[in-house]
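J.: Mind looking over this structure? Questions follow.
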Amino acid sequence: MKMQSKITPTKKTLSPYKILILGGTSDARRLATSLINSQIAVIYSIAGLVRTPDLACQIHIGGFSQYGGMQHYLKDQDIQCVLDATHPFAVNISNKAQQACSLCQTQYIRFERPQWNQYPNDKWTSIIQWSEVFGALKHQKNVFLTAGQTPHDILVKLSKQTKNLFLRTAVQPKEALPNNVNWIKAIGPFDQVSEQQWLKDNQIDLIISKNSGGQATYGKIAAARELGIDVIMFQRPAILHVPSDQSFAFNTLDQCIEHICNLNGSIYEH
């Protein structure tokens, strides 16, 4: 996959093609808004678990199995470009998207949000799978679990090793939670000041998080640094990179937008 960094200005043009955005993140919504404002035809795809964004484009909710797979959807909808702006830990959809694009010879673009860096005062324990969490637990009493949807058996096991477990997610768990698990429904962004106060009020002594990157949820990490709180940090899983001349990755939103607008302009000229 080619990594691009140079940004060159381009003018708005009427779009002669359609782009499918795999969304569900704040970055994806910003990308969609910018491309729509650039008069590019956008289909915005989400799983539909949390909320439907208010975007001036076609919204696709749910998966692609009803079409026989994403590759068939790309052909049926005459999609010329797929922009993958899903969560860095949503590896399944990203892998499927690359494979579908390869089969259809459709350009695949991935926005790879830069991950958080560890600073000297950060008290991180880096892990890659849930089995490592339990070995990393010490004698913490009040644990803040903010790592997205967590398997129920993991929640049960964690609850047995802590006095209080605070679980913050956008979607309520489907199964009943143990008595010492406090579920908090919340959707970012979360600022550092509020996060720091919440951590102090609840006497949190451990945070379990994913290295999601971005600013929307970084407040808890910065707050943990200030308060000297331990963090168990999931490192990002590897995403399949299908070798292709039509596969690109960018680490800023501007780079994605400029690349797509330039593509749109070159196709329009022909």
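None of the figures in this text is laboratory data; all of them are computed from the coordinates on show. What you are looking at is a predicted structure, and each value in this text was computed from that prediction instead of being measured. FYI the Cβ positions are ideal-geometry reconstructions off the backbone, even for glycines, and counts take in every protein chain you see.
J.: Go ahead and set up a Gaussian network model of the chain, Cα springs under 10 Å, then flag whichever of Ala176, Ala97, Ala47 fluctuates most.
T.: Answer for the Gaussian network model of the chain: Ala176.
J.: Something else now. If each DSSP helix of 4+ residues adds -39,500 (n - 2.57) and the sum is divided by the residues in the chain, what number results at 222 nm, nearest 500 deg cm²/dmol?
T.: -9500 deg cm²/dmol
J.: Further question on the same structure: Given a cut-off of 24 Å, name the pairs among Lys157/Lys210; Lys96/Lys210; Lys123/Lys220; Lys96/Lys123; Lys96/Lys220; Lys185/Lys220 whose C-alpha atoms lie farther apart than that in the structure shown.
T.: Lys96/Lys123; Lys96/Lys220
J.: Whole angstrom only: what separates the Cα centroid of the stretch 106-130 from the Cα centroid of the stretch 201-244?
T.: Centre-to-centre distance over Cα atoms comes out at 8 Å.
J.: Starting at the first residue of the stretch 209-226, write each ³J(HN,Hα) from the Karplus equation 6.51 cos²θ - 1.76 cosθ + 1.60 with θ = phi - 60°, in whole Hz, x for Gly and Pro.
T.: With coefficients 6.51, -1.76 and 1.60, one gets 9, 9, 7, 6, x, x, 9, 4, 10, 6, x, 5, 6, 5, 5, 4, 4, 5 Hz.
J.: Could you give me the ³J(HN,Hα) list for the stretch 59-67, computed from phi with Karplus coefficients 6.51, -1.76, 1.60 and θ = phi - 60°, whole Hz, x at Gly and Pro?
T.: Per residue, the Karplus-derived 3J(HN,Hα) values read 10, 9, 10, x, x, 10, 5, 5, 9 Hz.
J.: Here is a follow-up. If you average 1/r over all unlike Cα pairs in the chain and invert the result, what Kirkwood radius do you get in angstrom?
T.: 20.2
J.: Enumerate the amide H contacts of Phe166 below 5 Å, restricted to partners 5 or more residues apart or on another chain; note that Pro and chain-start residues carry no placed amide H.
T.: Residues meeting the amide H criterion: Val143, Phe144, Leu145, Asn182.
J.: For the stretch 231-239, just list the computed ³J(HN,Hα) in residue order, Karplus coefficients 6.51, -1.76 and 1.60, θ = phi - 60°, integers in Hz, with x standing in for Gly and Pro.
T.: 10, 8, 10, 6, 7, 5, x, 6, 9
J.: Per residue, how big is the convex hull of the stretch 129-234 when only Cα atoms are used? Give it in Å³. Provide the component values of the computation, followed by the final result.
T.: Working: hull volume 9.8 nm³, N = 106.
With only Cα atoms used, the stretch 129-234 gives 93 Å³ per residue.
J.: Based on the Cβ-Cβ distance of His72 and Gln246, what FRET efficiency does E = 1/(1 + (r/R0)^6) give at R0 = 25 Å, to the nearest 0.05?
T.: Working: r = 18 Å, r/R0 = 0.74.
That gives a FRET efficiency of 0.85.
J.: So how compact is the stretch 179-251: Cα radius of gyration and Dmax in angstrom?
T.: Cα only, the stretch 179-251: 16.3, 53 Å (Rg, Dmax).
J.: Moving on. Enter the Cα centre distance for the pair the stretch 19-76 and the stretch 142-172, rounded to the nearest angstrom.
T.: Between the Cα centre of the stretch 19-76 and that of the stretch 142-172, the gap is 30 Å.
J.: Now a separate question. Report, in degrees rounded to the nearest 10, the 0 to 90 angle that the Cα long axis of helix 91-104 makes with the longest principal axis of the chain.
T.: 10
J.: A follow-up question, please. If you fit an axis through the alpha-carbon atoms of helix 253-269 and take the longest principal axis of the Cα set of the chain, what angle between them do you get, 0 to 90°, nearest 10?
T.: The angle comes out near 10 degrees.
J.: Follow-up question, since we're still on this one. Quick check: the angle from helix 192-201's long axis to the longest principal axis of the chain, C-alpha only, nearest 10 degrees?
T.: 30
J.: Show me the ranking of peptides 230-241, 126-137, 251-262 by mean Cβ neighbours inside 10 Å, starting with the highest.
T.: Details: 230-241: 16.8, 126-137: 13.2, 251-262: 19.0.
Highest-to-lowest ranking by the protection proxy: 251-262, 230-241, 126-137.
J.: Can you give me the distance in nm between label points at Gln149 and Ala56, each placed 7 Å from the Cα along the Cα-to-Cβ direction?
T.: Going by the 7 Å Cα→Cβ label model, 3.3 nm.
J.: Describe numerically, in nm with one decimal, the distance between label points set 7 Å from Cα along Cα→Cβ at Gln99 and at His139.
T.: Calculated label separation equals 4.8 nm.
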